[in-house]
Amino acid sequence: MTAGTFLSGGVQVHTLAAAQGEPAKPVSANDHIQIALIGAGGRGQSDTKVAAQVPGVKVRAVADCYNGRLTHAKELWGADIQTTRDYNEILARKDIDAVIIGTPDHWHMRAATDAMDAGEDVYLEKPMIHLYSDGPKIIETAQRTGRILQVGSQRVSSMIYKKAKELLASGSIGKLNMVTAWWDRNSSIGAWNYSVPLDANTTTCDWPRFLGTAPKIPWNPEHFFQWRKWKAYGSGQAGDLFVHLFSGTHFVTGVHGPTRAMATGGLRFWNDGRNVPDVLLGLFDYPEGFNLSLRCNFVDGGSESQGLVFTGSEGTMTISGDGVGLVRVPRSKEPGYSVNSFADAMQKEFLEAYRKKYPITHPSGPIPMGEEKYVAPHGYNDTYDHMTTFCNAVRTRQPVVEDPVFGFRAAGAALLSNLSYDRQKVVRWDPEKMKLL
Ligand SMILES: NC(=O)c1ccc[n+]([C@@H]2O[C@H](COP(=O)([O-])OP(=O)(O)OC[C@H]3O[C@@H](n4cnc5c(N)ncnc54)[C@H](O)[C@@H]3O)[C@@H](O)[C@H]2O)c1
């Protein structure tokens, strides 16, 4: 749906209608959703702030391993919320309907399955899995318990991606042959060097609980606060950023995943003890007949950017931060000629024959518009739409798009990059059965 159209520098710009999701029905006092947050770091807090804006949602409890974040949770959501280091104390309550999980990746499966077994619906941050064995466990638990689990790659609920899906399906770019996507950064925070608070120590931080199933090592505040830099807790650029690009690609195209993957890259700049690369390139073959090419570069001294380009036989479609653009350049109907190197007489004869076969025609009517853009309203927040989708599902029990199967297909595809990078080999995956081959 579009709200208006105008011309800007030869580009036809359509404003997408402000369709921030609304709750399924008016919220009555007994239709409130009581939520808790498990893992109250940067993303967990920002997800929960958004959730608290959805009509009828109340934040009741927060679990985290660092005291400073539990203190801040009370500053944000009131002194009367429960705070604890042990999320089981929250799961034991009968009055919590749903949890948001924003822990590091190595806790995702355990926290999500514990929550569903305790009867909670779950908004689980991406990537859904840390290990391939996590996928079937989360899928089985969701099916057995009948709980809603939505993975937190918010672009799956974005009006921009919905428009892109619609444009592709309506044939706007013809037959898709390639998707190119990238995420380049040029800053220390962008390269995951998140701040360590000055009071970080083994009294303020629950180090054994943070480690969980990760190898037991002595207290290390960088591992605690900058966990993405180590495979024991995170999944490198593949699990952090490729997974978003997979979720977006799978949502827009409606496909289930690649069958073959190869990746390369290296640790080129941030040599600070991390054991994952800061430049990663991946190539993926899709059985539907297109290739996906992905790139993450944390050392882009040129400029920071991210985007996805869908290339088809009749045009390209580019998703950027604020919208989706289409460029269509009609292919010439005549084949053209390359006769300069022939003898003059042959050139003349060739051109005469050519023009007889392809007479010059003059276009009639207006010149076809080659470029269009669909832009989201200023300040559009796709996480709000994603959270609203989740809350609607909690109320209506209707399934969500980004369910555990979608989440496993996106994260399973993303983590192929790490396998290929580590093994220096092409790796294979069955996207239907969600199994490594
Ligand atoms: N959807 C997005 O755009 C997006 C953006 C950023 C992060 N994320 C995801 O969100 C998750 C969190 O990332 P972050 O940047 O907020 O990390 P963070 O380090 O800021 O926060 C993680 C928090 O989890 C806590 N924690 C660890 N183990 C715990 C446990 N057993 N119980 C309770 N709390 C525990 C830690 O103490 C920490 O405060 C990651 O999975 C990340 O991939 C998603």
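The values are calculated or read from the model by the stated rules, or taken from the named source; none is laboratory data. What you see is a predicted model; the values in this text were computed from it and never measured. Backbone-built Cβ (ideal geometry, glycine too); neighbour counts: all protein chains shown. Each accessible area value is taken on the protein alone, full model and side chains, heavy atoms only, with ligands, DNA and RNA left out. Shrake-Rupley method; radii C 1.70, N 1.55, O 1.52, S 1.80 Å.
Among residues of segment 191-211 that are outside any loop (DSSP other than H, G, I, E, B), those with a Cβ under 7 angstrom from a residue that is modelled with pLDDT of 95 or more and within 10 Å of the ligand (Cβ to nearest atom), sequence gap 6+ or separate chain, pair up as C205/C65; C205/Y66; C205/F224; W207/F224; R209/C65; R209/R85; F210/C65; F210/F224. Tell me, yes or no, whether segment 197-217 has at least one residue that is under 30 Å from R69 (Cβ atoms) and under 23 Å from the mean Cα position of the chain (by Cα). No, every residue in segment 197-217 fails to be under 30 Å from R69 (Cβ atoms) and under 23 Å from the mean Cα position of the chain (by Cα). The sole residue among G315, G336, G370 that is of a type outside the set (V, I, T), over 19 Å from the mean Cα position of the chain (by Cα) and either closer than 30 Å to E432 by Cα or buried (at least 20 other Cβ atoms within 10 Å of the Cβ) (or both) is G315. Among the residues of segment 207-237, those identified as out of contact with any Pro (no Cβ under 8 Å at 6 or more places or on another chain) and of a type in the set (A, V, I, L, M) are L211, A214, I217.
Note on segment 99-119: residues that are of a type in the set (A, V, I, L, M, F, W, C) and near the ligand (Cβ under 10 Å from one of its atoms) amount to 4. Among the residues making up segment 232-256, a single one is assigned to a helix (DSSP H, G or I) and open to solvent by 30 Å² or more (accessible area, probe 1.4 Å): T253. Of the numbered criteria (1) in contact with an Asp or Glu (Cβ under 7 Å, 6 or more places away or on another chain); (2) under 23 Å from R397 (Cα atoms), the one C65 fails is (2). The set of residues from segment 44-72 being among the hydrophobic types (A, V, I, L, M, F, W, C) and open to solvent by less than 30 Å² (accessible area, probe 1.4 Å) comprises V50, A51, V54, V57, V59, A61, V62, A63, C65, L70. Annotation: of all residues in segment 373-416 being part of a loop (DSSP other than H, G, I, E, B) and among the hydrophobic types (A, V, I, L, M, F, W, C), the one that is most open to solvent (accessible area, probe 1.4 Å) is V401.
Here L7 meets each of (1) open to solvent by 70 Å² or more (accessible area, probe 1.4 Å); (2) of a type outside the set (G, A, S); (3) at pLDDT 95 or above; (4) assigned to a strand (DSSP E or B) with one exception, condition (3). Scanning segment 216-231 for residues being away from the ligand (no atom under 11 Å from the Cβ), closer than 13 Å to G273 by Cα and not in a helix (DSSP H, G or I) gives a total of 3. Looking at segment 82-98 only, could you name the residues that are within 15 Å of the ligand (Cβ to nearest atom), surrounded by 16 or more Cβ atoms within 10 Å (Cβ to Cβ) and of a type in the set (A, V, I, L, M)? Of everything in segment 82-98, those that are within 15 Å of the ligand (Cβ to nearest atom), surrounded by 16 or more Cβ atoms within 10 Å (Cβ to Cβ) and of a type in the set (A, V, I, L, M) turn out to be I90, L91, I96. Candidates S28, S46: the one that is more than 7 Å from the ligand (Cβ to nearest atom) and at pLDDT 95 or above is S46. When we screen R274, R268 for residues that are open to solvent by 40 Å² or more (accessible area, probe 1.4 Å) and either away from the ligand (no atom under 16 Å from the Cβ) or touching a Leu at 6+ places or on another chain (Cβ under 9 Å) (or both), the only hit is R268.
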